[in-house]
Amino acid sequence: MTVESITFIGGGNMARSLIAGLVRQGVPPAQIHVAEPVAVLREALAADFGVQTHDNAADAAAQGQTWLLAVKPQVLREVCQSLQALALAQAQAPLVVSIAAGITSAQLQRWLGGALPVVRAMPNTPALLGAGVTGLYATPAVDAQQHAQAERVLASAGRTVWIEDEALMDSVTAVSGSGPAYVFLLAEAMEAAGIAQGLPADAARALTVQTLLGASRMLDEAGESPAELRRRVTSPNGTTQAAIESFQADGFEALVAKALRAAQQRGRELSAAND
């Protein structure tokens, strides 16, 4: 796997998952630099992957042609401004990849001091297992080589989906970035309901987990729409129909749509709050 030198600004869980994926796919650890202020995290990254670690963002960024910003949205402005002089001094502008929810490419360019090539990325937590999905948006300044570089880096954690309209990145966050938590909430509710009906806790958990895993595989592998798969398993007047009708009587689809709108709106609020 050919990847140019890359610097991670932030060494938390998502950065760690991407680093693990890159190393697993053959990227030399010497090409990966990580800036992380917490010493114990730096030491763990160096010990586990052999990557180069730094306690200063600018020192790490000076070593990479791609900067992957993996810090919280609330501190991203400060981090970018600390890198502004370095970004402007380089003969070739670095590719900036941000995984911060709600922070726009225009904000990143303004904080970094110029129209740098920016890719916004929204991975999700199954990236920790190499089973994630990442929505990506590239500004016009991103050339073909940089586009491919961003694709290679994020594909190390799972599938990628490119979005043409940046305004839709908040919807990506609502659907897939936050999406695993919705599945975990459903699992929590199913497990609790099974226990309430008398199932042993270990049985309720196993039945819930394997059901969600199997259903997800069918969604991925069957080549049919969710609606069609649901129809196939819903026998007329059977147990599944009774449950589906109960869900729908309580406005299940409207509830999901409302929840995703709330997540989308929160992404927009994060952008405004950090401008």
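Computed quantities for the displayed model
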item: Exposure proxy order (Cβ contacts within 10 Å, fewest to most) of GLU36, GLU4, GLU164; result: GLU164, GLU4, GLU36
item: Mean residue ellipticity (222 nm) of the chain, computed from DSSP H runs ≥ 4 via -39,500 (n - 2.57), nearest 500; result: -17000 deg cm²/dmol
item: Cα-based shape type of the range 41-94, given that a ≥ b ≥ c are square roots of the gyration tensor eigenvalues and the cut on a/c is 1.5; result: oblate
item: Gap separating the Cα centres of the range 151-203 and the range 81-146, nearest whole Å; result: 24 Å
item: The chain: most fluctuating residue of ALA115, ALA47, ALA15 per GNM, C-alpha cutoff 10 Å; result: ALA47
item: Residue exposure sequence - PHE8, PHE252, PHE49 - by fewest surrounding Cβ within 10 Å; result: PHE252, PHE49, PHE8
item: Two-decimal Rg to Rh for the range 169-228 - Kirkwood Rh, Cα set; result: 1.07
item: Shape category assigned to the range 118-275 from the gyration tensor of Cα positions, a/c cut at 1.5; result: prolate
item: Quarter of the Cα convex hull surface for the range 198-240, i.e. its orientation-mean projected area (nm²); result: 3.7 nm²
item: Tensor-based shape of the range 179-271 (alpha-carbon gyration tensor, a/c under 1.5 rounded, otherwise prolate or oblate); result: prolate
item: Taking the C-alpha atoms of the chain, convex hull volume expressed per residue in Å³; result: 153 Å³
item: Antiparallel DSSP beta bridges within the chain, percent to nearest 5; result: 15 percent
item: Rh (Kirkwood; distinct C-alpha pairs) - the range 1-140, Å; result: 14.9 Å
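The numbers here are math on the coordinates, done by the rules we state, and not lab data. Please read all numbers here as calculations on a predicted model, not as lab measurements. Heads up, the Cβs are rebuilt from the backbone with ideal geometry, glycines too, and the neighbour counts pull from every protein chain shown.
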